[in-house]
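One structure is given here, and the rest of the page talks about it.
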Amino acid sequence: MLSNLPTYRSWFPHLQTGKIWLNHAAISPLSSRVNAALNAHLLNRTAGDIDVFPSIGRLCDRTKQNLATLINTAPDRIGFVPNTTEGLNILASGIDWKSGDRIMLNDVEFPANVVPFLNLKRLGVEIDFVKNRNGEILVEDIEAMITPRTKLLSISFVQFLSGFKADVTAIGELCKRHNIIFCVDAIQGLGASPLDVKKAQIDFLSNGGHKWLMGLMGLGFVFITEELQSRVHQRHAGWMSNKNFFGNFFTYRIDFDDTARRYENGIQNYLAIIALGESTSTLLEAGIDHIQSHLHSLTDDIVDFADAEGIEIVTPRMHAQRAGIITIKLERAEQIFQKLTEKNIIVSLREGMLRIAPHFYNSYEEIAIFCETLQKERIAVSV
């Protein structure tokens with residue numbers, strides 16, 4: 001158990017309503033810390049400075065520093081984007097593609113990590129889908145599909161349905177040996193499990209902020225190496241993409257900033273940036289290694305319960321292959337999902353299965369209540 005769990009739990013007002021939120025793979029509740037930061041900003045916009053633009057840079061810098069710490073990079077390699085998909089489109093649209101180039105994906109990805117690349121088929125780019133093995137994407141299967149024309153590989157850090165966590169370090173090494181651009185959609189793992197872009201040799205990463213990072217919808221970020229940035233053509237540009245953008249307004253120019261800020265073309269979602277700064281501060285204070293251990297322990301309880309009840313588990317059992325998601329397959333899943341919801345126990349219904357996704361403030365008692373309720377509802381719907 002996290003040593004400060006009672007303190008962490010005190011930051012989440014929804015717990016006072018009796019709601020057990022086990023749905024962080026869809027969206028996370030906001031903490032009171034995030035709410036206080038948002039209210040302070042709104043008060044300043046309402047009756048304080050009102051024009052907060054001169055000081056907003058400090059808040060952006062704080063959030064970028066937190067994100068950089070989470071993935072072990074420099075803050076200037078971080079750029080804000082509206083969501084994961086928009087981030088992936090920066091990469092997909094920016095590469096100098098030639099007809100016959102190939103992109104490697106897999107057949108269990110969330111569409112956000114597929115559609116931006118499918119759109120390149122109009123340019124003659126071919127897409128290769130690695131077939132999963134019981135929800136897992138194995139490095140040897142990836143290697144077997146590499147061709148001399150494979151130019152990019154994109155994979156989720158953690159798969160949205162099975163909860164399988166990819167061996168990004170091994171995949172990164174493989175991509176480097178074959179001179180393949182390595183892209184990661186990290187939205188289902190970052191905040192629940194450590195991720196080191198340097199160790200994994202990741203070239204590009206895109207991540208939304210409203211799931212495991214516990215921020216608002218409508219904001220995400222990209223990470224891009226300096227080397228890859230030099231090879232990506234920027235398809236969209238705005239006045240804030242330039243160096244020293246606030247001044248010389250009539251000097252119309254394209255003078256892209258040297259940092260990943262170049263992808264922030266105009267005014268940003270500063271409310272969401274403030275929220276993400278506070279939520280990531282909370283996660284960093286708790287410690288991602290400690291969060292991962294806590295989530296493994298919580299989800300172990302779910303695995304043990306499922307085994308005892310004869311419920312099929314879709315998620316890998318090994319800790320190295322999972323983060324915070326456990327997905328189970330059972331009969332009448334939709335009915336059981338509705339009954340759980342009625343009892344204020346919130347999980348996801350995905351592809352006819354229940355996806356359970358606790359976070360760092362969830363307790364063993366909540367997991368026990370979930371398991372006990374699930375057991376009762378299974379019996380009730382089978383009668």
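The values are calculated or read from the model by the stated rules, or taken from the named source; none is laboratory data. Note that the structure is predicted; figures quoted are calculated from it, not measured. Methodologically, a virtual Cβ is constructed for each residue, glycine included, from the backbone with ideal geometry; neighbour enumeration extends over all protein chains shown.
Structural remarks
- Residue check, Ile291 loosely packed, with under 14 Cβ neighbours inside 10 Å and either β-branched (Val, Ile, Thr) or outside any helix (DSSP H, G or I) (or both): no
- Residue count for the stretch 219-237 satisfying the condition of being under 24 Å from Cys175 (Cβ atoms) and part of a loop (DSSP other than H, G, I, E, B): 7.
Results for (1) within 23 Å of Gly220 (Cβ to Cβ); (2) assigned by TED's automatic domain parsing to the domain that holds Tyr361; (3) of a type outside the set (Asp, Glu), shown as yes or no for each residue.
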| residue | (1), (2), (3) |
| --- | --- |
| Gln292 | yes, yes, yes |
| Ser297 | no, yes, yes |
| Asp300 | no, yes, no |
| Asp304 | no, yes, no |
| Gly310 | no, yes, yes |
| Val314 | no, yes, yes |
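- Hits in the stretch 176-202 - residues which are touching an Asp or Glu at 6+ places or on another chain (Cβ under 8 Å) and either of a type outside the set (A, V, I, L, M) or crowded, with 24+ Cβ neighbours inside 10 Å (or both): Phe182, Cys183, Asp185, Pro194, Gln201
- Residues in the stretch 163-175 that are buried (at least 24 other Cβ atoms within 10 Å of the Cβ) and of a type outside the set (A, V, I, L, M, F, W, C): 2 in all.
- Listed by first and then second residue, the pairs with beta-carbon distance under 6 Å, at least 6 apart or on different chains, first residue in the stretch 238-260 and part of a loop (DSSP other than H, G, I, E, B), second small (Gly, Ala, Ser), are Gly238/Gly266.
- Enumeration of residues in the stretch 294-325 that are touching a residue at least 40 places away in the same chain (Cβ under 8 Å) and part of a strand (DSSP E or B): Arg322
- Within the stretch 103-150, the set of residues being small (Gly, Ala, Ser) and not in a loop (DSSP other than H, G, I, E, B) comprises Ala112, Ala144.
- Restricting the stretch 262-288 to residues that are assigned to a loop (DSSP other than H, G, I, E, B) and under 19 Å from the mean Cα position of the chain (by Cα), the residue that is surrounded by the fewest Cβ atoms within 10 Å (Cβ to Cβ): Gly287
- Filtering the stretch 326-365 to residues that are surrounded by 17 or more Cβ atoms within 10 Å (Cβ to Cβ), outside any strand (DSSP E or B) and without any contact (Cβ under 8 Å) to a residue 60 or more places away in the chain leaves Leu330, Ala333, Ile336, Phe337, Lys339, Leu340.
- Scope the stretch 29-71; condition among the small types (Gly, Ala, Ser), under 25 Å from Glu264 (Cα atoms) and out of contact with any strand residue (DSSP E or B) (no Cβ under 7 Å at 6 or more places or on another chain); matching residues: Ala37, Ala40, Ser55, Gly57
- Within the stretch 173-186, being within 13 Å of Ser154 (Cα to Cα) and either within 11 Å of the chain's Cα centre (by Cα) or of a type outside the set (A, V, I, L, M, F, W, C) (or both) holds for Val184, Asp185, Ala186.
Condition check ((1) free of Cβ contacts under 8 Å to residues at least 40 places away in the same chain; (2) within 30 Å of Asn269 (Cα to Cα); (3) assigned to a strand (DSSP E or B); (4) not polar (S, T, N, Q)) across all residues:
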| residue | (1), (2), (3), (4) |
| --- | --- |
| Ala170 | yes, no, no, yes |
| Glu173 | yes, no, no, yes |
| Asn179 | yes, no, no, no |
| Gln188 | no, yes, no, no |
| Lys198 | no, yes, no, yes |
| Asn207 | no, yes, yes, no |
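- For the stretch 6-17, the condition holds for no residue, the condition being that it is in contact with a Gly (Cβ under 9 Å, 6 or more places away or on another chain), buried (at least 16 other Cβ atoms within 10 Å of the Cβ), on the phi < 0 side of the Ramachandran plot and not in a helix (DSSP H, G or I).
- Gly247 more than 29 Å from Asn35 (Cβ to Cβ) and either surrounded by fewer than 20 Cβ atoms within 10 Å (Cβ to Cβ) or at pLDDT below 95 (or both): yes
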